[in-house]
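Written below as structure tokens is the structure these notes are about.
The values are calculated or read from the model by the stated rules, or taken from the named source; none is laboratory data. Everything numeric in this text was worked out from a predicted model, so none of it was measured. Backbone-built Cβ (ideal geometry, glycine too); neighbour counts: all protein chains shown. We work out accessible area using only protein heavy atoms, side chains counted, and drop any ligands, DNA or RNA first. Shrake-Rupley method; radii C 1.70, N 1.55, O 1.52, S 1.80 Å.
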Amino acid sequence: MSARRSPEPTSTFEYRLAQEALNLRQQAKGMPLGIRRTELLRKAQQIDAAGEVNKWLTSPGLQPPS
């Protein structure tokens, strides 16, 4: 029985985060003002922040604590 391999990612993590944030904003755009729309926009902002943190953590200039 062969071991199953997970599929190779076709895009970078940052790209997938940006796409998800864009998708959430598109969903919110068509909704009336309310809690659900606010939640979608908040989640998009959180995903944007996650992308920024990821960029910072993976940057070559980041030094380990001494």
Quiz item: For ASP48 and SER11, what does the FRET efficiency come to when R0 = 22 Å and r is the distance between their Cβ atoms, rounded to the nearest 0.05?
Solution: 0.85
Quiz item: If only Cα atoms are counted, what is the Rg of segment 10-66, and what is its Dmax, in Å?
Solution: 14.6, 51
Quiz item: Given the protein chains as shown and a 1.4 Å probe, how many square angstrom of LYS29 are accessible, to the nearest 10?
Solution: 150
Quiz item: What FRET efficiency do you get for GLU20 and GLN63 if R0 is 25 Å and r is their Cβ-Cβ distance, rounded to the nearest 0.05?
Solution: 0.25
